[in-house]
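Report on the following structure.
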Amino acid sequence: MDEIDLWIDVTDAARLGEAATMALTVHLPEPAAIPARPIVCFAKPGGAFARGYFTSDLPGPARGAQARWHAQRGWVFVSVDHLGVGDSSTHDMSRLDYTTLAAAADSAEREVLRMLSKGLNGKEFPIVSDPVVLGLGQSMGASTVVFQQAHHSTYDGIAVLGFGVMDMHVPVAPGETPLVRPWIPRDAFDVVVNARQVAAAGPQDELAKAMWFWFWDDVDVATAFPGWYQGAAPWISSTVPGVVLCAQTPGVVFTEAAAVDVPVLLAFGERDVCLDRRSEPRAYQSAPSVDLFLCPAMGHMHNFAGTRELLWTRIENWSQWVAAAQRALTSRREHV
């Protein structure tokens, strides 16, 4: 297995008027493990996290990194730092909206696909042509995947992990007062549409309350989230894009979800956002299939859980359906 770090120029796509670069890590499988129809997956982390969320063997009762796990099973797994996150270039966060992030990511990911089709950086690795391309995102990263697919059609299927289009209710520990999140529209980061409710709730220690639903009880919180500063841990990002402000606003990518026309996998931990998870498939009105998986003994930050491999297995099984759907669609087009 090979691991390659890439920095891809996305200045033209981002249209920020300044240089912009995205950092990605590519895990390549052993050539013999590549399926007849290769799978390339682009994975995006949630707010406060970097691509190390996928590449690191995260602390918790289980072992293993998601990127390596899938690569061992034949996938090309590409972990992505959004613009303004981790090792990607940083910019005024207020300019890093969904449109900018999606355009930049689409450009970078298509460049990776081009490189794979030509032979990645001269590596002794088979040319990857006509792959099944998956988009996978967790929390805020899932919302960007939904937006990107609707506007750029980057993927053949999307895995939306720990994100509710219709309902982003944030749970709190038993006995705690409910958390009142500011609802910020995606086109005006300085506006709070529920300002009266937020004011009535008074001061809230949002990060402290988040630890309960982020991590299941068997995860050491201090180790999993040592702090929100540069160098705290390879899976933590000290910088965030502006979309983190509005990612939990109800319906923030509702129209985009309705426009997604590829297979969708929705996955939540047992302790996660969204009260009515079984209603979420209705948001994807144009999708040919929508699968729902509820993973036991798992918090919102899925890859720390003792049941992480159960989730990864579900994702792998779903990918086979996406590949089968693509084969059927191709065959149908050939006979029309």
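Throughout, read-outs are computed from the coordinates displayed, never taken from laboratory work. No experiment lies behind these values; they were computed from the predicted model shown. Because the Cβ atoms are built from the backbone with ideal geometry, glycine has one as well, and the counts that use them run over all protein chains shown.
When 237, 94, 56 are sorted by how many other C-beta atoms sit within 10 angstrom of their C-beta, beginning with the fewest, the order is 94, 56, 237.
Counting beta carbons within 10 Å around each of 44, 209, 118 and listing the fewest first gives the order 118, 209, 44.
For the chain, the relative contact order is 20 percent, taking Cα pairs closer than 8 Å that sit 6 or more residues apart in sequence and dividing their mean separation by the residue count.
The helix-based estimate of mean residue ellipticity at 222 nm for the chain, built from -39,500 (n - 2.57) per DSSP H run of four or more residues and divided by its residue count, is -9000 deg cm²/dmol to the nearest 500. As a proxy for reagent exposure, 158, 315 were ordered by neighbouring Cβ count within 10 angstrom, fewest first; the result is 315, 158.
Result for the chain in a Gaussian network model with C-alpha springs under 10 Å: among 75, 228, 312, the largest mean-square fluctuation is at 228. Considering only 29, 232, 222, the residue lying farthest towards the positive end of the dipole of the stretch 2-334 is 29, judged by Cα position with unit charges set on Cβ.
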